[in-house]
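The values are calculated or read from the model by the stated rules, or taken from the named source; none is laboratory data. Since the model is a prediction, treat every value here as computed from it, not as a measurement. Heads up, the Cβs are rebuilt from the backbone with ideal geometry, glycines too, and the neighbour counts pull from every protein chain shown. All accessible areas refer to the heavy atoms of the entire protein, side chains included, with ligands and DNA or RNA removed. Shrake-Rupley method; radii C 1.70, N 1.55, O 1.52, S 1.80 Å.
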Amino acid sequence: MIPVRNDKEIAKMRAAGKALIEVFRTVDPLVAPGITTLELNAEIEKKILSLGATAPCKGYHGYPAAACISVDDVVVHGIPSLKVLAEGEIVSVDIVLKLDGYHADATRTYAVGKISPEKQRLIDVTRRCFYNGIAKIRAGARLGDAQHAIQMTAELAGYGVVRAMTGHGIGTQMHEDPTIENYGRPGTGPLLRSGMCLAVEPMIAMGDWDVRIDRDGWTCRTADGLPAAHYENTVLVTDGGCEILTE
């Protein structure tokens with residue numbers, strides 16, 4: 001069952017979203033050659049706590065960090081480490097925070113210094129996948145409409161749509177109904193209602209969509225070793241469309 005939030009709950013979701021925007025404002029200038037992903041994670045956690053929020057990823061099923069930081073061929077769930085970011089890499093920073101009982105979730109893929117035109121195009125198309133997807137979200141629409149738009153945007157650009165990882169509903173829990181795949185058929189899936197909150201997150205691969213999981217049980221990589229990008233926001237379904245809460 002997909003929760004429908006009342007006005008009081010929506011206000012708390014907006015507040016959580018605004019707090020997460022502040023966290024990303026801290027991240028933006030830090031992503032550069034020479035910083036380790038562990039150092040980046042520490043700054044993220046410090047900022048979350050300074051806002052009176054918590055980092056629910058830390059300890060979630062044993063996950064050890066406040067953020068997921070995924071470099072180049074890592075699609076999602078990269079564990080922060082002593083890995084030093086290098087010129088030409090791309091890095092996806094996925095952050096969830098919890099404020100006053102409600103969650104916000106967003107991801108950005110950054111260029112580390114100067115990157116190739118091919119990697120920049122991947123980042124740009126992944127972002128476009130998100131916006132083309134949410135353009136189909138409104139009360140009375142089917143979730144499959146948005147999923148199909150994401151898939152078509154990626155595949156027409158020649159990219160693979162990761163199928164093993166999905167978006168999700170969000171609210172008092174980090175992961176709620178519905179599961180939001182980045183592929184699908186229009187006119188199918190749950191009927192959307194005003195007040196639903198969704199974490200929409202295209203994960204797009206430069207090559208094939210197949211992935212593998214490292215021995216740590218978390219790190220999800222493209223099977224062919226080619227880069228992947230990730231763009232995510234928490235959105236609120238409204239009668240006329242949707243409101244982005246984390247941008």
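At R0 = 35 Å, how high is the FRET efficiency between ALA86 and VAL4 if r is their beta carbon distance? Nearest 0.05 is fine.
Values: r = 45 Å, r/R0 = 1.30.
Plugging the Cβ-Cβ distance into 1/(1 + (r/R0)^6) gives 0.15.
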Exercise for review: Quote the accessible area belonging to THR26 in square angstrom, nearest 10, computed with a 1.4 Å probe and with ligands, DNA and RNA left uncounted.
Suggested key: 40 Å²
Point to revise | Set of lysines with alpha-carbon distance to LYS47 below 20 Å, sequence-local pairs under 8 removed | key: LYS12, LYS18, LYS58, LYS98
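Let me have the 222 nm mean residue ellipticity of the chain computed from DSSP H runs of 4+ only, each contributing -39500 (n - 2.57), with the sum over all residues rounded to the nearest 500.
On the way: 4 runs with 67 residues, N = 247.
Computed mean residue ellipticity for the chain: -9000 deg cm²/dmol.
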Check your understanding: Taking the Cα centre of the chain as the origin and placing charges on Cβ (Lys, Arg +1; Asp, Glu -1), which of MET174, PRO3, THR153 is farthest toward the positive end of the dipole?
Key -> PRO3
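Sorted by accessible area with a 1.4 angstrom probe, largest first, how do TRP209, TRP218 fall? It would help to have the intermediate numbers written out before the result.
Numbers: TRP209 110, TRP218 55 Å².
Correct descending sequence by accessible area is TRP209, TRP218.
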Check your understanding: Once you sort the root eigenvalues of the Cα gyration tensor of region 66-146 as a ≥ b ≥ c, which label holds: rounded (a/c under 1.5), prolate (a/b larger than b/c) or oblate (the other case)?
Key -> oblate
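Give me the percent of accessible area attributable to carbon and sulfur for the chain, probe 1.4 angstrom.
Roughly 52 percent of what the probe reaches on the chain is carbon or sulfur.
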Exercise for review: Could you state how much accessible area THR37 has, in square angstrom rounded to the nearest 10, with a 1.4 Å probe and all protein chains kept in place?
Suggested key: 0 Å²
Study note, to complete from the structure: In debye to the nearest 20, the charge dipole size for region 98-224, taken about the Cα centre with +1 at each Lys and Arg Cβ and -1 at each Asp and Glu Cβ, equals 320 debye
Check your understanding: Excluding ligands and nucleic acids, what accessible area in Å² is computed for HIS77 using a 1.4 Å probe, to the nearest 10?
Key -> 50 Å²
Exercise for review: Assign unit charges at the C-beta atoms only (+1 for Lys and Arg, -1 for Asp and Glu), then state the dipole size of the chain relative to its Cα centre in Debye, rounded to the nearest 20.
Suggested key: 440 debye
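Compute the accessible area per residue over the chain, keeping the other protein chains in place, probe 1.4 Å, unit Å².
Working: 10290 Å² over 247 residues.
Value for the chain: 42 Å² per residue.
What are the membrane-span-like helices in the chain by this rule: whole DSSP H runs, Cα extent along the axis at least 24 Å, mean Kyte-Doolittle hydropathy at least -1.0?
Details: long enough: 7-27 (30 Å, 0.04); 117-134 (26 Å, -0.73).
Sorted by number, the helices that extend far enough and score high enough are 7-27, 117-134.
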**Study point:** Rounded Å value of the spacing that divides the Cα centres of region 8-66 and region 158-203
**Key:** 22 Å
Exercise for review: Find out how many positive minus negative residues lie around GLY187, taking Lys and Arg as positive, Asp and Glu as negative, among other residues whose Cβ is under 13 Å from that of GLY187.
Suggested key: +2
